[in-house]
Amino acid sequence: MGKLSQANIEIFKELLVASLGENTPYQATLNFLEQKLKGLISEEQRVAVLTNVLTTITTQFTIQAMESSRSLSLEDMLFEKKMELMEKEIEKAMAQIKLANGEIAFNQARTALVNAQTQSEGEKKKNIVREREAMNDQLRIKEAEFLSNVTFGYAAGGVAVPENLQETMINAVNKITP
């Protein structure tokens, strides 16, 4: 038996008991009719009238209970479906929050990496500048050595050192000495 049918039957039973039990309009009507008909008509006629009235009333109560139970069980089923959908929406939202938190963590890590790379690039620039300065120092030293050797070569050979060569050598030596 389906979930709707079982729920419908349970609600129907409860409504029917509530409609036809003691202290209900049905019972009040039955008591009222029995009191009013007592002594007015014969017992046989009273039973026939009560049977007809009670059949009509019971049928109406039963039909109303069936319609109400069907309506309530449908509402219950719709409520359950809505709850299932809400639970799925909540799960989806939680997954999206988890994904967003993951993206935030990823972006923070990427930002830290970019900052580290930026700092590293700054250090590389400093190293390149230092290396360039060291190479330039080496070139100036080699230039000064070369010019000194040439100048001493002229002097050792007894040849007069050209003035502009001697001046260039002194300038090159001055560039490497503080």
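Nothing in this text is a laboratory measurement; each read-out follows from the coordinates by a stated rule. Bear in mind that the values here come from a model prediction, so they are computed numbers and not experimental data. With ideal geometry, Cβ positions are generated from the backbone for all residues, glycine too; neighbour counts draw on all protein chains shown.
A few points about this structure:
- At R0 = 22 Å, FRET efficiency that the Cβ-Cβ distance of Met66 and Thr24 yields, to 0.05: 0.85
- If the chain linking Ser5 and Val47 were pulled fully straight, counting 0.36 nm for each residue of separation and taking away their Cα-Cα distance, it would gain 11.5 nm.
- GNM result for the chain, Cα springs below 10 Å: residue of Arg110, Arg70, Arg130 fluctuating most strongly: Arg130
- With Cα atoms, 0 to 90° folded angle of helix 25-37 axis to the chain main axis: 10
- Under Karplus coefficients 6.51, -1.76 and 1.60, residue-wise ³J(HN,Hα) of segment 125-130 in Hz, glycine/proline x: 4, 4, 5, 5, 4, 4
- Between Gln119 and Leu139, the FRET efficiency estimated from the beta carbon spacing at R0 = 22 angstrom works out to 0.10.
- Legend: calculated FRET efficiency, Thr58 to Phe79, from the Cβ-Cβ distance at R0 = 30 Å, rounded to 0.05, equals 0.45.
- Amide H contacts of Val161 (H built 1.01 Å from N, under 5 Å, at least 5 apart or other chain): none
- Dipole magnitude for the chain: computed about the Cα centre from +1 point charges on Lys and Arg Cβ and -1 point charges on Asp and Glu Cβ, it is near 220 debye.
- Assigned charges on the beta-carbon of Lys, Arg, Asp, Glu; segment 19-91 dipole about Cα centre (debye): 500
- Unit charges at the beta carbon, dipole of the chain: most positive-side option, Ile97, Ala144, Gln45: Ala144
- Our coupling estimate for segment 67-81, obtained by passing each phi through the Karplus curve with A = 6.51, B = -1.76, C = 1.60 and θ = phi - 60°, is 5, 5, 5, 5, 5, 5, 5, 5, 4, 4, 5, 4, 4, 4, 5 Hz, Gly and Pro reported as x.
- In nm, spacing of pseudo-spin labels at Gln35 and Val17 (7 Å Cα→C-beta vector): 2.8
- Cut-off 11 Å between beta-carbons: net charge of the residues surrounding Ile97, Lys and Arg +1, Asp and Glu -1: 0
- Estimated inter-spin distance, Lys88 and Ala155, nm [label 7 Å along Cα→Cβ]: 9.8
- Whole-percent pair-distance distribution, where bins are 10 Å wide, for the alpha carbons of the chain: 8, 14, 10, 8, 7, 6, 6, 6, 5, 5, 5, 5, 5, 4, 3, 2, 1
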